[in-house]
Amino acid sequence: MTVATATHIAPATNPAPMSPFHLAFPVHDIAAARGFYGGLLGCPEGRSAEDWVDFNFYGHQIVAHLAPAECGDTQRNAVDGHGVPVRHFGIVLPMSAWEALAQHLRAHGVAFVIEPYIRFAGEPGEQATMFFLDPSGNAIEVKAFADIKSLYAK
């Protein structure tokens, strides 16, 4: 995987009328986290110290904490024929932004845990999804819905 520069910029504000979430997670290397979240994903950097850095992840605050012993593989569960990492976080984007991000990640050689595809096709909750890992093994899922009202469809 190559580290990208600002060719992809994550939106700096949450477009939904809700409060932003806060998520802290372990990384094995702060510089690698900066390259991945700030460089590749285009998330603006916020505050930081020697052992942590926060990013604006589509209007949400995520914080990478240096904790190498906490990094590593996570269990996977079968969903729709794929091994979905149990521990993961992510974002739901508009379909056009999801497609642009998938193209951006492919162009930068990101290895997908689950390649971009349409999950639950033709069923309630049909969605585009992709899973990939950050340099510390944290799984990230990015989703999109043709109709956001189906986000919680059963």
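Computed from the coordinates by the stated procedures, all read-outs in this text should not be read as laboratory data. Not measured: the values here are computed from a predicted model. Quick reminder, even Gly has a Cβ in these numbers, built from the backbone with ideal geometry, and neighbours come from all protein chains shown.
Rounded to the nearest angstrom and listed largest first, the equivalent-ellipsoid semi-axes of the chain from its Cα gyration tensor are 25, 18, 15. Short-range pairs are left out: with C-alpha atoms under 8 Å and at least six residues apart, the relative contact order of segment 22-150 is 24 percent. Full extension of the chain between Phe120 and Arg87 gives 9.8 nm of extra length, using 0.36 nm per residue less the Cα-Cα distance. Across all C-alpha atoms in segment 28-118, the radius of gyration and Dmax reach 14.4, 41 Å. Per-residue Cβ neighbour counts within 10 Å put Ser96, Ser48 in the sequence Ser96, Ser48, beginning with the fewest. Straightening the chain between Ala100 and Ala24 buys 24.7 nm, computed as 0.36 nm per residue apart minus the Cα-Cα spacing.
Take the alpha carbon gyration tensor of segment 69-153, find the square roots of its eigenvalues, order them as a ≥ b ≥ c, and report rounded if a/c is under 1.5; if not, report prolate when a/b exceeds b/c, else oblate. In terms of gyration-tensor shape, oblate. Using the Cβ-Cβ distance between Ala78 and Ala111 with R0 = 30 Å, the FRET efficiency computed as 1/(1 + (r/R0)^6) comes to roughly 0.90.
Each of Thr74, Thr129 has some number of other Cβ atoms within 10 Å of its Cβ, and from fewest to most they run Thr74, Thr129.
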